[in-house]
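The structure under discussion appears below in the form of C-alpha cells.
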Amino acid sequence: MLNVRRSINLRTGTMLVHIRRFGGGYVDGYFVDGPEVREEIIGSLQPLSGDEFRNLPEGLRNEAKAKIFTEAGLQSDDEIVDGVRRYKVLSVDDWQALGGYTKAILGELRASA
C-alpha cells in the first residue's frame, strides 16, 4: 500500500500546532471548558481548489478556507495554529490505514480581541 507520510514530512510539511479540547461540564450553572492538549505536528496546509470547494456540502462551503494533509490523527472541532492564523477542523478524511495520512477541511477562526 502507498504510504504518503514521508512525502508530506519531507517535501511540503511545516511545523503547526494541533489543539484538542476535551469535554467540559457545568459547575454551579456555568460551563467550564475541559483541558486542552497542544502538540506540534508536521502538515501541508494548502488552499482549496475550485473543484474541491464546489464539491463540499453547502454548510461546509460557507466556512471552508483551506485543507491540510498530515500524519497526525485529526478530529472535527480540533484546532490548527499556523503562526498567527487559527483554523478549526470542519471535516476529516482519515486515510491512516491505507496511506498513513489524514486530510482535513479547515475553516479560519477570527482573532479574539
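The values are calculated or read from the model by the stated rules, or taken from the named source; none is laboratory data. In this text, all values refer to a predicted model and were calculated from it rather than measured experimentally. Accessible surface areas use protein heavy atoms only, side chains included; no ligands, DNA or RNA. Shrake-Rupley method; radii C 1.70, N 1.55, O 1.52, S 1.80 Å.
In straight-distance terms, cross-link reach from residue 88 covers every one of the aspartates and glutamates whose alpha-carbon lies under 18 Å from its own, apart from those fewer than eight places away in the same chain; here that gives 33, 36, 39, 40, 52, 58, 63, 71, 77, 78, 79, 108.
What's the Kirkwood radius of segment 4-109 in Å, using all Cα pairs?
Its Kirkwood hydrodynamic radius stands at 14.6 Å.
Result for the chain in a Gaussian network model with C-alpha springs under 10 Å: among 25, 83, 99, the largest mean-square fluctuation is at 25.
Look at the alpha carbon pairs under 8 Å that are at least 6 residues apart: their mean separation over the length of segment 4-109 gives a relative contact order of 27 percent.
In the chain, the calculated helix contribution to ellipticity at 222 nm averages -2000 deg cm²/dmol per residue, counting -39,500 (n - 2.57) for every DSSP H run with n ≥ 4.
How large a share of the accessible area of the chain, in percent, is made up of carbon and sulfur atoms when the probe is 1.4 Å and the other protein chains stay in place? Before the final figure, lay out each step's value.
Working: 3820 of 7660 Å².
C and S fraction of accessible area: 50 percent.
Taking every alpha-carbon pair within segment 13-59, the share separated by more than 16 Å comes to 65 percent.
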